[in-house]
Amino acid sequence: MEFALNEEQRMLQESVRGYLEASCPLDRVRAAADAGDTRPADLWEGLVDLGVHAILVPEEYGGVGLGHLEAALVAECLGGAVAPVPYVGSSVMAPVALALAGSDAQKDAWLPRIARGETVFGVGVTEQIGSRESGGVAAAGGTLTGKAMFVLDGADADMLLIADRDGALHIARAADADVKRLPTIDRTRSTSEVSLEATAAEVLPGSTGSRAAVLATIDAGRTMLAADTLGAAQNMLDQAIAYAKERRQFNRVIGSFQAVKHLCAEMAAALEPCRSLVWYAAHASRAIPDEARLMACHAKAHLSEVGRFVARTATEVHGGMGFTDLLGLHYWFKRIGLDRQLLGAPEIVREEAATVQGWV
Amino acid sequence: MDLAYSPEYAAFRDEVRAFLDSHRDLAPPPMQRGKPSEQAKAWQQLLIEHGYAARTIPKEYGGYGAEPDILKSHIIAEEFGKARIRPGHDGDNRLVPTLLELGTEEQKRTYIPPTIRGEMTWCQGYSEPGSGSDLASLSTKAEVDGDDFVINGQKIWTSGAQYADMIFCLVRTEPDAPKHQGISYLLFPMDTPGIEVRPLVTMTGEATFNETFFTDVRVPTSQIVGRRGEGWFVANATLKHERGGLGDPNQAESRFHQIVEMMREETLDGEPLLSQATYRDRLVALQGQMLAMKFNGMRVLTHNVRDEEPGLPRWIVKLNGCELNHRMAEMAIDILGELGVLYPSKGFGGHRDEDVPYLRDAGFWQQRYMMDLGLIIGGGTAQIQKNMIGERALGLPKEPKVADPRFGGGAA
């Protein structure tokens, strides 16, 4: 019985964190966000060198065949650094779906390219959770027609992975579709509207007939968004604590006032158990399949709630400075804000958790 | 990450289960107040013989004498919890560890064996009306007269004082010393002349606590644990043990399953409560919080097994665990609607003396709702917990100290 990260997992996290601290400081984030660049070549290549896109790609397809926990540790680092790079759609959901439901030819074609960072997939599954603005895609005779909303990493994508109304997953070329960026509060990642009109597409054969593949893909995405929020919220808490130790008012550092100290303690008390929940959900995805769906839902919903609490409270601890663009705290605030809404906001996800348990 | 148990521990778990299966008829009811019954004492003796109680207490003091093994202790607690069978105890979980660490050989031999057998029961004399969170300001005084201390003052929240044989008590022996350095830790029988116990009825309607008054109570000076003036440090060893116990995630999980059962069985407009989307949403949100604390507990356990300091994951257990239990009780009451406020005037179980129509679970949820608020306050208030998290785990500075003229040295 051991509920802890092992040496390799700690080293992976340290190397990704170290790289991002050196190569992705706030100035770099700000420059990318101002330029509308959500896939800067230098950061993308740097992460390719670290092998993060290969984590979920099986070894026989040129990956390293690690698990969701390793991927979640990377997502946590990316959230912590508000890194402006595609990840949850392109490097998690796409390889998970392909490995699970792709034909041998599809796996041969795409998994090695994902692992090497040569192809970025945008992933559109939102309508499987809930459709707004008439979103929804119909498949017929090797083509797709319709609209997929909030496609993850969509504006940076070379290829698209799109769920049709029945939950079957299809691969299409981004160049064949109308991909329109949907600007959100978070300028560090891209989400897009993808319009399809008899667009050529190839179904993943293992994704038809049952929703298992698309659900497993959504679960993976939810766990990674939870991990992203964990990293972002931890960073905000760390910044709030550092600020509370330094900022003086009434001739005292403000962290010595219980009013401020208790805000920090409440954030820490809420956030620390989240780390265990994310670890467990990521671990369960392979090791405890019976619990995988439920735990992905819980990680997503609970981290969304705690993330929001930490985001607003850490901003408050910074006083007026927290509200400025100059300090840049808002990049984390907005990152957490986007994570919360993607792939199901808390009420939607909790209702799914209830359904999974047979309570609906 | 390896959530499986190694063969040695899996075998140990099987052994505990087999024991519980074959001996469950001998177990006393889960909760009993007052002095331990003969059945409870026999059960405790059986558990000690099998190593399921007083497990790591040395044989010469009446324990089982096993090497400390956190995982085995955890398995025992988990299996007794799952089987809903009353677990054994290690005597008093604050006093016995303190005696083992700091008591004289004679004190260990005199007090530990009868305590772990349940033949000698204890109450704790720490809090005073004027000294709650600021416990070290306590003013019950003990003055030396010949070979005795003469004790005068008052304690509060002395749970079990009405039937305890003994008390472990903090008293001020050096009135001129700085406040933390003027306290001593004494042990004495509750039938010593000059002790008066008055029941303290709480908002639950029950009298589980007491006020205890001391008037010229004479206790031999040999009844001290540690040296004069060191009582604060002696007591801190036991406070640590008490804090560890509040906020147990297993308790939250078992409460949660009770609520799910209730939501299947109770109806509103003829439909099960589980079919109400708003109740369901709240239920799942609570489940998420409960699971996060359960897995946090697994992380703490892993640190403990490796003999590492868990840090923040441990500091938050009392604060979060008590709050979570309280939220569960809130929810249980709310989903029962008006039925949720039915309550016997004498508290949980009081329906045996008073007709309370439609009462659910003998008033358990209202009693827990109030009792859990008591536990949020007791054992270090939530606000003190937040100070400790802020200062010890996050490294935030303490409040500037205000001089306290009542004590030597002036410092607070």
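For chain A, the 222 nm mean residue ellipticity estimated from helices alone, with every DSSP H stretch of n ≥ 4 adding -39500 (n - 2.57) and the total spread over all residues, rounds to -17500 deg cm²/dmol. Taking loop as defined by DSSP and a crowding limit of 14 other beta carbons within 10 Å, which GluC sites (Glu not before Pro) in segment B:322-375 fit? In loop regions of segment B:322-375 (DSSP not H, G, I, E or B), the sparsely surrounded GluC sites (Glu not before Pro) are B:Glu354.
Each Lys and Arg contributes +1 and each Asp and Glu -1, all at the Cβ; summed about the Cα centre of chain B, the dipole is approximately 560 debye.
Using a cut-off of 22 Å between Cα atoms, the listed pairs A:Lys147/A:Lys180; A:Lys261/A:Lys334; A:Lys300/A:Lys334 include A:Lys261/A:Lys334 as exceeding that distance.
Mean projection of the Cα convex hull over all viewing directions, computed for segment A:307-360: 4.1 nm².
Take every Cα-Cα pair in the protein assembly as shown and report what % of them are more than 35 Å apart. Looking at the protein assembly as shown, the distances longer than 35 Å represent 55 percent of pairs.
Once you reduce segment B:251-266 and segment A:269-305 to the center of their Cα atoms, the two points are 21 Å from each other.
Note on segment A:1-90: dipole from Cβ charges, positive end direction compared against A:Leu78, A:Gly51, A:Thr38; the farthest Cα belongs to A:Thr38. Working note: Karplus 6.51/-1.76/1.60 with θ = phi - 60° gives segment B:208-224 the couplings 7, 10, 8, 9, 10, 10, 10, 10, 6, 7, 9, 10, x, 5, 6, 7, 8 Hz, where Gly and Pro are set to x.
Relative contact order (percent) for chain A, with alpha-carbon contacts under 8 angstrom and 6 or more residues of separation?
17 percent
Checking the cross-link pairs B:Lys35/B:Lys72; A:Lys245/B:Lys294; B:Lys35/B:Lys346; B:Lys41/B:Lys346; B:Lys82/B:Lys108 against a 23 Å limit on the alpha carbon distance flags B:Lys35/B:Lys72; A:Lys245/B:Lys294; B:Lys41/B:Lys346; B:Lys82/B:Lys108 as lying beyond it. Would you be so kind as to identify which of A:Ser285, A:Phe333, A:Gly209 lies farthest towards the positive end of the dipole of chain A, taking Lys and Arg as +1 and Asp and Glu as -1 on Cβ and the Cα centre as origin? Of the listed residues, the answer is A:Phe333. Three principal axis extents describe the C-alpha atoms of segment A:212-356; from largest down they are 60, 26, 21 Å. Return the whole-Å distance between the Cα centroid of segment A:241-265 and the Cα centroid of segment B:304-323. So the separation of the two Cα centres works out to 24 Å.
Taking Lys and Arg as +1 and Asp and Glu as -1, the other residues whose beta-carbon sits under 13 Å from that of B:Leu71 total -4. In plain terms, the C-alpha convex hull of segment A:137-289 casts an average shadow of 11.9 nm² when viewed from every direction.
For the pair segment B:1-47 / segment B:274-289, the C-alpha centres are spaced 33 Å from each other. Distance distribution P(r), segment B:1-55, all Cα-Cα pairs, bin width 10 angstrom from 0: 21, 43, 24, 11, 1 percent.
Quick check on segment B:1-141: what are the equivalent-ellipsoid semi-axes from the Cα gyration tensor, as sqrt(5λ), descending, whole Å?
Working through the eigenvalues yields semi-axes of 30, 18, 17 Å.
With θ taken as phi - 60° and the Karplus curve 6.51 cos²θ - 1.76 cosθ + 1.60 applied, the whole-hertz 3J(HN,Hα) list for segment A:95-109 is x, 4, 5, 5, 5, 7, 10, x, 6, 4, 5, 5, 4, 4, 6 Hz, x standing for glycine and proline.
Taking the Kirkwood radius as Rh and the Cα radius of gyration as Rg, segment B:123-197 has a ratio of Rg/Rh equal to 0.95. Dipole check for segment B:331-412: with +1 at the C-beta of Lys and Arg, -1 at the C-beta of Asp and Glu, and the Cα centre as origin, the magnitude is about 500 Debye. If only the Cβ of Lys and Arg carry +1 and only the Cβ of Asp and Glu carry -1, the dipole of segment B:246-393 around its Cα centre is close to 580 debye.
When all alpha carbon pairs of chain B are counted in 10 Å bins from zero, the resulting P(r) reads 4, 18, 28, 28, 16, 5, 1, 0 %.
In the frame of its principal axes, chain A has Cα extents of 73, 46, 41 Å, reported largest first. The Cα atoms of segment B:246-393 give a gyration tensor whose axes a ≥ b ≥ c have a/c of 1.5 or more with a/b greater than b/c, which makes the shape prolate. For the residues of A:252-263, the average number of beta carbons from a partner chain within 10 Å of their own beta carbon is 4. At a temperature of 20 °C and a viscosity of 1.002 mPa s, determine how fast segment A:121-207 diffuses translationally according to Stokes-Einstein, using the Kirkwood radius over alpha-carbon pairs as Rh; express D in µm²/s, rounded to the nearest whole number. D, rounded to a whole number, is 173 µm²/s. All Cα-Cα separations within segment A:7-115 were binned at 10 Å from zero, giving a P(r) of 15, 46, 30, 9, 0, each value a whole percent of the pairs.
Readers should treat all values here as calculations from the given coordinates under stated rules, not as data from a laboratory. Being a predicted model, the structure only gives us computed values, none of them experimental. We place every Cβ from the backbone using ideal geometry, glycine too, and count neighbours over all the protein chains shown.
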